[in-house]
Amino acid sequence: MSKQIILPVWFCLVLGACALNIPVEAQITDGQTLAKLPPVASVVNEPVVAGLHSGPPSPDGSDDLEPELNEGTAFAASEFVGPPPLPPCPGSALGVKDEIAAQICQRIRTEPLPDRLTIDQRVLRTLDAMLPFYAGRGYQPAWLDANGKPLPAATALIEALGEAERDGLRSSDYQRTDLQKRITSLQQHNDALDITQLTDFDLLFTDAFLSYGSHLLSGRLSPRAVDRDWEIKPRSRDLATVLQQALARDSIIKSLRVLAPQAKGYIQLRDRLHKYRRIEQAGGWPTVSGNASTKTLRARLEAGGDLIGSGETVADALRRFQRRHGLAETGTVNAATRAALNVPVSERIRQIELNLERWRWLPDDFGARHILVNIPSYKMQVFEDGKVVLESKAVVGREERQTPTFTANMEYLVMSPKWYVPRSIAVRDKLPQLQRNPHALKGQQIRIYNSAGKEINPASVNWSAVSAKNFNYYLRQDAGPRNALGGIKFMFPNRHSVYLHDTPSRELFSRNQRTYSSGCIRISKPVELAEYLLKHDPKWNKDSIKSASTSGKQRVVHLPEEVPVYLLYWTAWVDEEGFLNFRDDIYKRDKPLVRALYQNDKGRKGA
């Protein structure tokens, strides 16, 4: 019978499966030799999350955004028979490489395993991956030849680290300058070799490769360090194996390059980073004051790439700039446009770097067909084979009731839905209305039920004596034109109880800033989305969808095929026309990311 056993952290470290996304069952190559760790059924590191619901169970979900997170984490495995045996440290030394191997083993294969290893005041961050890497090669050095001289792979790594800035990373994080000095020192000194220094050299180069590779693969930060509700699984590779293969194939630079996301959106954003750095190196762009001349304005628009060709008018270029920044397209310089024009290029560079990091937290493939909501853009898009086939304006959560970032599969939609008012909204919004007037909800077609599920007369309750602590009622709004969910809602079950839906408040879509919901996403084209999702079902077309969504009779329609939904948060991205877009940080999520990335090591993987 399968059993669940809690594993100690040291076991995870032995397998190299914690911080660097290294699978438990790993193939480690040393030249043409494969050393395979004994298989273990599973090792997982998932948060335990409390369920959410208010009132009686509802098949339709709700708009509640009060997640309770249990930060406890367990490493679980089934039919665990013990940690895999590690090869012993080398015995008698037959040469320099064996002496180095013995020291490597003595440093990283200790009992208990070291919490951290420091070399010249630098903490190695990748011990969990180093152990399987070196164990798979008998602890032999990876970056030195038989005479203790640097191999070409070491020089290649220096070159690869020099490319870190192109991905919005910093080569200084991987001690590139220090590593180059160590190569030079070993090349110039042929006398008595210090085995300790050679061991330091090898461990530092391995740590640099694994650290840089990890950051390219899945981000310099753990996303949960800045977003405790993050649950999208990033890309995963066995980095110990990647390094072994890169050494065997003489492909250090290429092996690191392909670890970065290969998605079109990432590559385009990375290219714009290079362009904006060139603008900064050229002196940036001019400031547009309240009485700026047309010449100054043209220079600013040309610098940002908005004034294309000598025949284009300033008004045309301004409208393009405003469109790229989510502003009203007036073609004139108002206060909001001037503020956006005067954001320094250095700040825009930082914004691009932050969003490259967000890209690295995402999986390789979103699916041939998927729905994407970029929260700061107030937009929903449907992608099919890499192209946008449907686009809709969106209303997202208010700052105090933010739309979360996650992914889930859309399974069904509901025509003429009833709305089960979430407890949070019932207590915060509806209870004060009832306390002022017991019949306040009647005009909203909201019914009140007691804990037994029986509808009650609101006048029978002394609402002034009811509070959040003793609110033992649930509210349900009938289907109809006043229903908060409109005529259709689109369900992708998730622990946040968030979904897409129609809305009777259509006037909100005409506004540039659209943070008005309690966390769910209201869309301007619900009928069009339903028509797209059901296009292969002959029972449904635009007319039948409109009829069902206004019938007042709730109907659940399961999709013939589930569709992935991604709710993401990008404040900089390249659109389908190739234009770089920026948006305001509506939930103030950029600032903590800046602090974590650039001002301290808190949240950094392996720190």
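A few remarks follow.
- Extension reserve of the TYR449-ASP364 stretch, reckoned as 0.36 nm per residue once the Cα distance is removed: 26.0 nm
- Between the stretch 231-309 and the stretch 536-591, the Cα center-to-center distance that results, in Å: 28 Å
- Proxy reagent accessibility, fewest Cβ within 10 Å first, across MET410, MET491: MET410, MET491
- By the count of other C-beta atoms within 10 Å, a proxy for reagent exposure, TRP570, TRP230 are ordered fewest to most as TRP230, TRP570.
- Net length gained if the chain between ALA303 and GLN197 were fully extended (0.36 nm per residue, minus Cα distance): 33.2 nm
- Shape category assigned to the stretch 298-418 from the gyration tensor of Cα positions, a/c cut at 1.5: prolate
- The amide H of ARG447, built 1.01 Å from its N in the peptide plane, has ARG476, GLN477, ASP478 as neighbours under 5 Å, considering only residues 5 or more places off or on other chains.
- Here each label is just a point 7 Å from Cα along the line to Cβ, and for SER293 and ALA315 those points are 2.3 nm apart.
- Near LEU117, the amide H atoms lying under 5 Å from its own belong to LEU124; only residues 5 or more places off or on other chains count, and H is placed 1.01 Å from N.
- Cβ-derived FRET efficiency at R0 51 Å, ASP178 paired with ALA336, nearest 0.05: 0.65
- Pairs exceeding 29 Å between alpha-carbon atoms, taken from LYS275/LYS588; LYS264/LYS525; LYS454/LYS546; LYS525/LYS553; LYS97/LYS254; LYS379/LYS454: LYS454/LYS546; LYS379/LYS454.
- Its residue count N fixes a reference of 2.2 N^0.38 Å for the stretch 364-582, and the Cα radius of gyration divided by that reference is 1.10.
- Amide H contacts of MET491 (H built 1.01 Å from N, in plane; Pro and chain starts excluded): GLU411, TYR412, LEU413, VAL414 sit under 5 Å, all sequence-distant by 5 or more or on other chains.
- Segment ARG555-HIS189, length gained on full extension (0.36 nm per residue, minus Cα span): 123.8 nm
- Per-residue 3J(HN,Hα) values for the stretch 159-175, derived from phi via the Karplus relation 6.51 cos²θ - 1.76 cosθ + 1.60 with θ = phi - 60°, read 5, 5, 5, x, 8, 4, 4, 5, 9, x, 9, 10, 5, 5, 5, 10, 6 Hz in sequence order (x marks Gly and Pro).
- Residue-wise HN-Hα couplings along the stretch 467-482, as the Karplus relation 6.51 cos²θ - 1.76 cosθ + 1.60 with θ = phi - 60° gives them from phi, are 9, 4, 6, 10, 7, 9, 10, 9, 10, 9, 9, 5, 5, x, x, 8 Hz; Gly and Pro carry x.
Values in this text are rule-based calculations from the coordinates and carry no lab data. Here the structure is a predicted model, which is why all the values come from computation and not from measurement. For neighbour counting, all protein chains shown are included, and Cβ atoms are generated from backbone atoms with ideal geometry for every residue, glycine included.
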